[in-house]
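Report on the structure given below.
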Ligand code: M6R
């Protein structure tokens, strides 16, 4: 989410900043902006939408002397994608750009407003620059003021700040969001939130660690740690290949996005988990008043996330919940009653069928909510309320991290509603929250698992089809596993509830039918196991995914022992994603742009 660049030097800083932002544009394109300090004077430009709009606005702006500049491309989290909300944010004589979320911004903002500070935007970021200037007035030293400001911030951030008080410095701080600085022989310094903008400009880069902050001048780089002690720089060689760099060395964006799941889920959870309650600042609790039913509507992977939600909603909130495929719902004259909360789920927020069902619900005067990854998308603009999943830009057509964050949001939302309705005890909610906090760790891909799946994948390149089977919430995961596989391998795959096998599908069982069995230790293990045994007895080739060894399986992919089935869910999610990826790669397919598919389906 969001991209940051910074530059100190004698070259054309405007071009350098804009080129850098171009490399980062895929991270967010709601708005972009730059601020450049040259000859003791700031110039600042911002534009809503794609970078081209900012390029247009800056076409007569010339930077031909020594200057200090920062730039930002935005994926909106707090506040709409307007020009006022675009970065850099300004104080009286300083500018800041920020990637991440300042969790305690509301408290800081209130305190600043009480002493008369005027805010221009709705962002969390703006507090940083005002807090810095307040500290600067008190301490009369820009570095000390910045250091104090950083110590007052809670949340995740990569920050660059420039101020007239120190016209040859860029202040930086990093905690939870990536940032690096690059150097060259010409005493220039380049900052960015990933290495692509630096390629061609710098040969060596220093990746900052969490908790580090400091400043950079043309002559030096000063880094301090959380303990305020000085740190040494650690320069490493920078890759020279832009394309692989955008993919951060991964073979495909899908692979990168699978690996990113730990970070993006952490972003999704950020600021939303208390000890025994879930907090959604963006929701008004009145949305749930008078609601006796929840209806979820979506397509594809988002539909599978909705199915997962239905298990959690009924279990935790005790509210009747149903799920609909959007393209079906539109044309079947559905009965819509006003005590129903209508929830649409979409990565893009633009899927035509889903959007249409949202319009139908609005016309029927239902309360509406969207779970979406793109702020200011059509669905976000139309629904009464929205929750953003914060997965960042998803480039692979086969959705992975969007699904992971959707399920995480639904888990939180079910606990949030359970809290409002008192349908769960505080202790039970606290337990679930403690599990949620473990999800980022449980989706981390280990070399051992990935290597094992890579090796196994060669055995699954033929056959007449795949069954993905699971029970309860593992059934929608089975559907999602099958969808992933068919999208990128073009092999026939179906997801089934394990218990359905003997009602027909088992007729297909033979050694050339591959069964991918999801066997969670903590949910209906014995029942799911007997369903797999039935398939094994009919000679289907079985690949079991479980924490418990299973002797009837031909292949076995071990997940970690977990203390709850929901953590097993997330571990298995990663396994089925990687299995599809590796099969597709072996088949020589274009993983990121599979045939016949598009990332956003804006036609019905
Ligand atoms: O943007 P949306 O979540 O509304 O998209 C819905 C589906 O088109 C999408 O999930 C599709 O199924 C993906 N290709 C799945 O990988």
Which residues, taken from segment 278-299, are touching a helix residue (DSSP H, G or I) at 6+ places or on another chain (Cβ under 7 Å) and crowded, with 16+ Cβ neighbours inside 10 Å?
278, 280, 288, 294, 296, 297, 298, 299
Kindly indicate whether residue 477 is over 20 Å from residue 459 (Cβ atoms) and assigned to a helix (DSSP H, G or I).
yes
Restricting segment 20-52 to residues that are in contact with a helix residue (DSSP H, G or I) (Cβ under 8 Å, 6 or more places away or on another chain) and more than 25 Å from residue 77 (Cβ to Cβ), the one surrounded by the fewest Cβ atoms within 10 Å (Cβ to Cβ) turns out to be 38
State yes or no: is residue 275 in the same structural domain as residue 416 (by TED's automatic domain parsing), in contact with a helix residue (DSSP H, G or I) (Cβ under 8 Å, 6 or more places away or on another chain) and part of a loop (DSSP other than H, G, I, E, B)?
yes
If residue 374 meets every condition in (1) away from the ligand (no atom under 14 Å from the Cβ); (2) part of a loop (DSSP other than H, G, I, E, B) apart from one, which number is that one?
(1)
Only one of 417, 387 is buried (at least 23 other Cβ atoms within 10 Å of the Cβ) and either outside the structural domain of residue 263 (by TED's automatic domain parsing) or away from the ligand (no atom under 16 Å from the Cβ) (or both); which?
417
Could you pull out the residue among 409, 393 that is within 30 Å of residue 30 (Cα to Cα), surrounded by fewer than 23 Cβ atoms within 10 Å (Cβ to Cβ) and not assigned by TED's automatic domain parsing to the domain that holds residue 580?
393
Can you find even one residue in segment 374-382 that is surrounded by fewer than 17 Cβ atoms within 10 Å (Cβ to Cβ) and at negative phi?
yes
What strands (runs of 3 or more DSSP E) completely inside segment 157-245 contain at least 2 residues that are modelled with pLDDT of 90 or more?
170-175, 180-183, 189-192, 204-207, 212-216, 221-224
Being more than 14 Å from the ligand (Cβ to nearest atom) and over 21 Å from residue 429 (Cβ atoms) narrows it down to one residue among 290, 300; which is it?
290
Would you confirm whether or not segment 214-229 contains a residue that is touching a helix residue (DSSP H, G or I) at 6+ places or on another chain (Cβ under 7 Å) and surrounded by 20 or more Cβ atoms within 10 Å (Cβ to Cβ)?
yes
Would you pick out the residues in segment 476-509 that are away from the ligand (no atom under 16 Å from the Cβ) and touching a residue at least 40 places away in the same chain (Cβ under 8 Å)?
508
Sort out which residues of segment 341-371 are near the ligand (Cβ under 8 Å from one of its atoms) and crowded, with 24+ Cβ neighbours inside 10 Å, and write them in order of number.
345, 346, 347, 349, 351, 354
Exactly one of 356, 350 is in a helix (DSSP H, G or I) and either touching a helix residue (DSSP H, G or I) at 6+ places or on another chain (Cβ under 6 Å) or in contact (Cβ under 8 Å) with a residue 60 or more places away in the chain (or both), and that residue is 356
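This table checks each residue for (1) outside any strand (DSSP E or B); (2) over 20 Å from residue 512 (Cα atoms); (3) not assigned by TED's automatic domain parsing to the domain that holds residue 594.
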{"residue": "434", "(1), (2), (3)": "yes, yes, yes"}
{"residue": "451", "(1), (2), (3)": "yes, yes, no"}
{"residue": "491", "(1), (2), (3)": "yes, no, no"}
{"residue": "495", "(1), (2), (3)": "no, no, no"}
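The values are calculated or read from the model by the stated rules, or taken from the named source; none is laboratory data. A quick note: this is a predicted structure, and the numbers were derived from the prediction, not measured. Quick reminder, even Gly has a Cβ in these numbers, built from the backbone with ideal geometry, and neighbours come from all protein chains shown.
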